[in-house]
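The values are calculated or read from the model by the stated rules, or taken from the named source; none is laboratory data. On a predicted model such as this, the values are computed, not experimentally measured, just so you know. Here the Cβ positions follow ideal geometry from the backbone for every residue, glycine too, while neighbour counts run over all protein chains shown.
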Amino acid sequence: MLNISRRYDQNSSSLELEGMPDVSSGDSNETIGIISSWTLKIIGFPLLEGKKEHLENLMQVIVNYSRSYISGIKKSYTSTEKIVSLLPFESKHKLLLKSTQKNVKPLEIILDDSELFDLTRCLDILRYDQQVNIKWNIDIDKPYPKRYITKNVYRQNNLFSFIYALTSFAIVGTLLTFIPISNVELLNTDKIESTSSEN
């Protein structure tokens, strides 16, 4: 059977797909209709590989997270099968990959913005590759309604403002405790004495 390989390279990510045409769907000899394996290399991390459903779960999370992040919405995403999660982590992004095998700890990958962009770009090129005839179980690309973006960004800004105000209050309160009360009382006494002498 004809085996076809497709590769998608970005600066920090490289995705390779292997498969064969799906004759029942009328695929040409150069089209991947059935995925046999895939590998993903992110510089600085172990090689990732798996079945079609693993790649699909990864794609669900990366595409949706990046879409939200670009819109200014920072929120976590988990795939339908709960094996891939991506969440904001300080100024970066934490990707968690759970193995379907027992007694294997989840793999944790920390991505900066450029690495997230490279990974998203690889998956987007795959999704729109005319020589890969795969129906992916992910949301159809539709822009977020303006109301949805405004609501979520406003909520995040309110939370940030509350945390900032609470932190400022705590810092000011702490600094006030270091003001020596005895000096204040002495200053007031000096003012009273100077006033009395003038009279």
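For every residue, the table says whether it meets (1) touching an Asp or Glu at 6+ places or on another chain (Cβ under 8 Å); (2) closer than 17 Å to S85 by Cα; (3) modelled with pLDDT of 90 or more.
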residue: S99; (1), (2), (3): no, yes, no
residue: D112; (1), (2), (3): no, yes, yes
residue: I134; (1), (2), (3): no, no, yes
residue: I140; (1), (2), (3): no, no, no
residue: L176; (1), (2), (3): no, no, no
Mind listing whichever residues of the range 102-116 are surrounded by fewer than 18 Cβ atoms within 10 Å (Cβ to Cβ) and either among the small types (G, A, S) or assigned to a helix (DSSP H, G or I) (or both)?
D113, S114
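Residue-by-condition table, conditions (1) assigned by TED's automatic domain parsing to the domain that holds L123; (2) over 18 Å from D139 (Cα atoms); (3) more than 13 Å from the chain's Cα centre (by Cα):
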position: S14; (1), (2), (3): yes, yes, yes
position: G26; (1), (2), (3): yes, yes, yes
position: T31; (1), (2), (3): yes, yes, yes
position: P46; (1), (2), (3): yes, yes, yes
position: G50; (1), (2), (3): yes, yes, yes
position: N57; (1), (2), (3): yes, no, yes
position: G72; (1), (2), (3): yes, yes, no
position: H93; (1), (2), (3): yes, yes, no
Identity of the residue in the range 74-91, closer than 18 Å to D124 by Cα and not small (G, A, S), that ends up nearest to the chain's Cα centre (by Cα):
L86
Being surrounded by 15 or more Cβ atoms within 10 Å (Cβ to Cβ) and among the charged types (D, E, K, R) is the filter here, so list the residues in the range 66-101 that pass it.
R67, K94, K98
When the residues of the range 62-95 are narrowed to those that are part of a strand (DSSP E or B) and of a type in the set (A, V, I, L, M), which ends up farthest from L15 (Cα to Cα)?
L87
Of the residues in the range 17-61, those that are assigned to a strand (DSSP E or B), among the small types (G, A, S), crowded, with 17+ Cβ neighbours inside 10 Å and touching a Gly at 6+ places or on another chain (Cβ under 9 Å) come to G19
Can you pull out every residue in the range 87-133 that is β-branched (V, I, T) and within 24 Å of S68 (Cβ to Cβ)?
I109, I110, T120, I125
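Report yes if Q130 is surrounded by fewer than 17 Cβ atoms within 10 Å (Cβ to Cβ) and either out of contact with any helix residue (DSSP H, G or I) (no Cβ under 6 Å at 6 or more places or on another chain) or over 28 Å from S28 (Cβ atoms) (or both), otherwise no.
Details: surrounded by fewer than 17 Cβ atoms within 10 Å (Cβ to Cβ): yes; either out of contact with any helix residue (DSSP H, G or I) (no Cβ under 6 Å at 6 or more places or on another chain) or over 28 Å from S28 (Cβ atoms) (or both): yes.
So Q130 fits the description; yes.
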